Ligand code: SF4
């Protein structure tokens, strides 16, 4: 076994640790007001959409069990995906890490002879920094989701999974469109106001030209059905349909945890995802395609299966449940820490509670930012309550905190290793400041605790079925999992030198 | 080593801890576990692992008559701002002509296999769907009229599978106005699980629940970004007026 050191200083240019970024956000009142409005609005609508289904608890348990089963046999299902997609006329590529995935996509685009691609919102390609890699190769990637367009034109970063530009208000968006659209293509219409309908129309006109001329598209996928080789993309605006249908070549970059075994399994996830995400019975558009179809849609289809740390997470008995995530963003909307800190503070494509458990597992807890993320929580448990696949986020947070504080065995890029405690190093200091940040915002903590205690009764306390043995779930203790003060005492209190 | 071998190797090493207490474990063990509990955890025929998932959720959320099912579909379509109309075979050409005229549609895309008489009363110029028809051509078309494969009452969803009368996927995407005809009650199911049973996975599928929409700007909902901004749904019943059968043209 190799021994690696956890307490390395952050590499130059790395994102600031959570508490520094969070401090910055909490002083930004526009951001905080926008976030507060957004999260509270979606939260209330979501509760109503979920309440419509009497069997939500059963669907949730089934969703968790299907994902656990898939992960348990992931090698089998990945091979099945490969066979089914290939049989349907697609090509499958395997990317161990971000660099490999970017190289594969860059090569595939180059082979078409094109210098431009249209993109439909995809967290996997954000995670690997695909746009930047393509730019370095002289290829321009155009984001086509309205919010992603706002983010891209504003030379900004997404701050929410579902509504990535939620930190921008309408006047800011109008200004971005007015000044930036002409640099990327069709300029904003003269006299553009800040009416949402007018702004959406400006985006429609700006992007229509791109859709009609694009020869290559890059997407992600919400689900990949192993049995049939079918990919599923769930969206609202129609930009996804444009990207998936009009170009000649389609390249889909998909994390290996997006696989589900059977066609029938969609009946669970297509009920869980829209209601949990946009609080709709069904989102406006869902596209499903299997390989290529003669005379309908792209003639060439490439599926890039991405690991990039997912197998490292899979190796952890507690942490692996994070791979169930269907990216609905419900956990963001109930998180009192997210509401105050904003999405940017999490320093990755994955903000909020899911980011706090996923990013440190995908990247390791080596940098100051990634070591501080597990502390960006009050452990109030609200995220677990709303999660449609019952990920016990507080449990994983505690596990990752232990890893930062005490070190221990981990899998890093496929190799078993033992990490040393962070004590005395930059990572520890960042982590402690994150903890202090959460501690010093007691209003945020209390809000979360109240919410959790109100909703706890609505959800199963323990995952039934195979999930139990798989995740070694324990009963979720009463709220909070461990009072913050106790936790602080336990981990911070003098226990001698490590 | 290829990326494929490395990823599969990492997956297998990551799962090395998973013991037999886990349902499906026997599937990995193969013959060694043949004497175990094949009924519960064994390998399914064909070597696929059994998932052991309790599917005790509901197939349908409520019992409905056919008429109630169609009514619920109409309500949920309207909830998501589709415009719902009802007619029978005799009234259909007139209904479609009126919907196209109301939008001022001069050119209307027509998928292969759309019944010829549907557009017989419309003054709009039909633009037949052929592989040669490009997205740019379609950008100059005002409306499209299609059928669908199935409609889901509980979610207010139409599913198109590129079958006869539905056309290629881009046909219902590029024009700004989509008129979709649903045969009721035959094409209407209660629930999403029932719809999946009726669909063929290998066909390209488009699920539509209301017109294109975004809430990206301060969460205010705006209808219509890239897909059709107007969605008319015509519920076509065969038996609404037994005295007026389809005209034998
Ligand atoms: S962790 Fe759960 S609630 Fe959060 S985004 Fe993922 S699936 Fe949704």
Test of understanding: among B:72, B:15, which residue is within 8 Å of another protein chain (Cβ to nearest Cβ), at pLDDT 90 or above and under 38 Å from the mean Cα position of the chain (by Cα)? B:15
Checking residue A:163 against (1) farther than 29 Å from residue A:272 by Cβ; (2) modelled with pLDDT under 90; (3) within 12 Å of chain B (Cβ to nearest Cβ): exactly one of these is not met. Which one? (1)
Residue identified as in contact with a helix residue (DSSP H, G or I) (Cβ under 7 Å, 6 or more places away or on another chain) and crowded, with 23+ Cβ neighbours inside 10 Å among A:133, A:165, A:137: A:165
Name, by its number, the condition in (1) more than 10 Å from every other protein chain (Cβ to nearest Cβ); (2) under 24 Å from residue B:155 (Cβ atoms); (3) surrounded by fewer than 18 Cβ atoms within 10 Å (Cβ to Cβ); (4) in contact (Cβ under 8 Å) with a residue 12 or more places away in the chain that does not hold for residue A:51. (4)
Exactly one of A:349, A:390 is part of a loop (DSSP other than H, G, I, E, B) and more than 10 Å from the ligand (Cβ to nearest atom), and that residue is A:349
Those residues of segment B:47-70 which are more than 14 Å from residue A:261 (Cα to Cα) and assigned to a loop (DSSP other than H, G, I, E, B), in sequence order: B:54, B:55, B:56, B:57, B:58, B:59, B:60, B:61, B:62, B:63, B:64, B:65
Count of segment A:299-324 residues which are away from chain B (no Cβ under 11 Å), within 16 Å of the ligand (Cβ to nearest atom) and either without any contact (Cβ under 8 Å) to a residue 60 or more places away in the chain or surrounded by fewer than 24 Cβ atoms within 10 Å (Cβ to Cβ) (or both): 2
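If I filter segment B:210-225 for residues that are within 26 Å of residue A:226 (Cα to Cα) and within 7 Å of chain A (Cβ to nearest Cβ), do I get at least one hit?
Filtering segment B:210-225 for residues within 26 Å of residue A:226 (Cα to Cα) gives none.
No, segment B:210-225 has no match at all.
If you go through segment A:127-154 one residue at a time, how many are away from the ligand (no atom under 16 Å from the Cβ) and farther than 21 Å from residue B:215 by Cα?
Total satisfying the criteria: 14.
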So if I check each of B:100, B:114, B:92, B:173, which one is buried (at least 20 other Cβ atoms within 10 Å of the Cβ) and under 17 Å from the mean Cα position of the chain (by Cα)? B:173
Could you tell me whether segment A:286-298 includes any residue that is surrounded by fewer than 23 Cβ atoms within 10 Å (Cβ to Cβ), within 14 Å of chain B (Cβ to nearest Cβ), in contact with a helix residue (DSSP H, G or I) (Cβ under 8 Å, 6 or more places away or on another chain) and within 30 Å of residue A:55 (Cα to Cα)? no
Which one of A:364, A:408 is in contact with a helix residue (DSSP H, G or I) (Cβ under 9 Å, 6 or more places away or on another chain), modelled with pLDDT under 80 and surrounded by fewer than 24 Cβ atoms within 10 Å (Cβ to Cβ)? A:364
Select from segment A:357-372 the residues that are free of Cβ contacts under 8 Å to residues at least 60 places away in the same chain, more than 10 Å from the ligand (Cβ to nearest atom) and more than 14 Å from every other protein chain (Cβ to nearest Cβ) and write down the one among them that is nearest to residue A:326 (Cα to Cα). A:359
Number of positions in segment A:196-220 that are touching a residue at least 60 places away in the same chain (Cβ under 8 Å) and more than 9 Å from chain B (Cβ to nearest Cβ): 8
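Evaluate the following for residue A:102: is it within 14 Å of another protein chain (Cβ to nearest Cβ) and farther than 20 Å from residue B:215 by Cβ?
So residue A:102 passes the test.
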Do you know which of the residues in segment A:325-346 that are within 14 Å of the ligand (Cβ to nearest atom) and not in a helix (DSSP H, G or I) is nearest to the other protein chains (Cβ to nearest Cβ)? A:329
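The values are calculated or read from the model by the stated rules, or taken from the named source; none is laboratory data. The structure presented is a predicted model; accordingly, all values stated were derived computationally and were not measured. Cβ: placed from backbone, ideal geometry, glycine included. Neighbour counts: every protein chain shown.
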